[in-house]
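Notes to accompany the following structure.
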Amino acid sequence: MKRIVLGTIAAAMLATSSLAADYVMKISHVVSASTPKGMGADYLEKRIEELTNGKIDVQVFPNSQLYGDADEMKALAMNNVQLIMPSLSKFPSIVPQIQLFDLPFLFRDKEHLYKVMDGEVGAILKSYVDAKKQMKAFDYWDAGFKHFSSSKKAIINPEDAKGQKFRIQSSKVLEEQFKAVGGNPQILPFSEVYSALQQGVVDATENPISNFYTKKFHEVQSSLTLSSHGYLGYLVVMNQKFWDSLPKDLQEKVSQAMKEATELERKAAEDEEVKFVAELRKYADESKRLEIFELTNEQKANWRKAMESVYPKFYNVIGEDLIKQAIEAK
């Protein structure tokens, strides 16, 4: 009985809070609150409410509580939620140019990545999203660089990929990436990857460290190569009508909170990767079931040369000038 009463009181307090606010902003995402994305969303809730003195009531719904991965874009377009942060892989159907982030070995390092995302190239891509009218693009959030792993043969040089079956997301760029080095790309849902690796349906894959570690792929892969060859990230987008409904002073407060949340999320993603790599090295030392390799600068140069044929195939889709601008970003 006590628990029911407390729940009723909490619900009443939430309803009162929403009534007192001028605007209600629902944030939906599909991961745990303890992930960098989850932490960024919770920080947004805290800072927007603080900066607007409660004029915007922010409500965060993690773990697909409101909408799953396949439904959140539609929910945003209908203004059923006001803010989401989908993976970049959700955007090519409406903005094909965003496949720039899938191009292999495009980014020299994290500093170069941020110069692209936070500079003119990133702004151009966000303007393409904005042009769709239903959503406003804010900032890019991190999941991290992708790395090769395999249960067949360690992927250190381009020729090591030959004949291996790679699980990939649905992406024409990623298909061409592995075909360029003789690999056999297989599109599979992420939820099926562990069993597919375990059963030998695929030999290898590419993932950020967070996915590799938390999904326990190290149990079904014998090698991990810290290749940083590709990037996986998110784009924070808001319903355009909701944004337009906010007065200018509140828009400025939301933008300020977003900038702070982006810094926090990226730092959390970096800290998490350092932690998980250390855990994987410990696992490798103790179990002797996993080998971890790091590419030298010379090996990375060999990979870039092997991937040169991929870029021109997407000049008409992404834009030759945009690709070259990203490569030359300083």
Relative to the chain, whose Cα atoms define the longest principal axis, helix 36-51 and its Cα axis are tilted in degrees, nearest 10, by 30
Would you work out the relative contact order for the chain, in percent, from Cα pairs under 8 angstrom that are 6 or more residues apart? 24
If amide hydrogens are placed 1.01 Å from N in the peptide plane, which non-local residues have theirs closer than 5 Å to the one on ALA143? LEU232, GLY233, TYR234
Per-residue counts of other Cβ atoms within 10 Å, averaged by peptide: what ranking do you get for 79-85, 282-288, highest first? 79-85, 282-288
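Leaving out ligands and nucleic acids, and using a 1.4 Å probe, what accessible area per residue does the chain come to in Å²? Mind showing how you got there, number by number?
On the way: 15840 Å² over 330 residues.
Here the residues of the chain average 48 Å² of exposed surface.
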Give the residues of the range 94-116 whose amide nitrogen is closer than 16 Å to a point set 7 Å from the Cα of LEU226 in the direction of its Cβ. 109-111
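Estimate the FRET efficiency between PHE61 and LYS305 by the formula 1/(1 + (r/R0)^6), using the beta-carbon distance for r and 45 Å for R0, to the nearest 0.05.
Details: r = 46 Å, r/R0 = 1.02.
FRET efficiency, PHE61 to LYS305: 0.45.
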Helix 248-287 sits off the longest principal axis of the Cα atoms of the chain, rounded to the nearest 10 on a 0 to 90 degree scale, by 40
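For the range 146-194, what does the alpha-carbon gyration tensor say about shape, rounded, prolate or oblate, given a ≥ b ≥ c as the root eigenvalues, a/c under 1.5 as rounded, and a/b over b/c as prolate?
Numbers: a/c = 2.00, a/b = 1.27, b/c = 1.58.
Oblate shape, in that a/c is at least 1.5 and b/c is the bigger or equal ratio.
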Simple Cβ-charge dipole of the range 185-276, Lys/Arg +1 and Asp/Glu -1, about Cα centre, in debye nearest 20: 160
On the accessible surface of the chain, probed at 1.4 Å with all protein chains in place, carbon and sulfur together account for a percent value of 51
Compare ILE168, ILE187 by solvent-accessible area with a 1.4 Å probe and give them largest first, with all protein chains kept in place. ILE187, ILE168
Helix 2-20 axis, angle to the chain major axis (alpha carbon atoms, nearest 10°): 80
Please give the peptides 194-207, 306-319 ranked by average Cβ packing (other Cβ atoms within 10 Å per residue), highest first, as a rough proxy for protection. 194-207, 306-319
7 Å from Cα along Cα→Cβ at both SER93 and ASN53: what's the point-to-point distance in nm? 4.4
Rounded to 0.05, the calculated FRET efficiency for the beta carbons of GLU270 and SER32 at R₀ = 22 Å is 0.75
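How large is the dipole of the range 77-214 about the Cα centre if only Lys and Arg carry +1 and Asp and Glu carry -1, each at its Cβ, rounded to the nearest 20 debye? Write out the running numbers ahead of the final one.
Working: 16 positive and 15 negative charges, 54 e Å.
I would put it at about 260 debye.
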Going 7 Å from the Cα of LYS216 along its beta-carbon direction, which residues of the range 143-159 have the amide nitrogen within less than 19 Å of the resulting point? 150-151
Treating only Lys and Arg (+1) and Asp and Glu (-1) as charged, each at its beta carbon, one finds that the chain has a dipole about its Cα centre, in Debye to the nearest 20, of 540
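Report the gain in length on full extension from GLU279 to TYR315: 0.36 nm times residue separation, minus Cα-Cα distance, nm rounded to one decimal. Don't skip to the answer; put the middle values down first.
Numbers: separation 36, 0.36 × 36 = 12.96 nm, distance 4.01 nm.
Net length gain for the segment: 9.0 nm.
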For SER191, placing the label point 7 angstrom along Cα-to-beta-carbon and taking the range 60-82, residues whose amide nitrogen sits under 13 Å are 64, 68-71
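The values are calculated or read from the model by the stated rules, or taken from the named source; none is laboratory data. Computed from a predicted structure; not experimentally measured. Note: ideal-geometry Cβ built from the backbone for every residue, glycine included; neighbour counts use all protein chains shown. Surface accessibility is based on the protein's heavy atoms, side chains included, excluding ligands, DNA and RNA. Shrake-Rupley method; radii C 1.70, N 1.55, O 1.52, S 1.80 Å.
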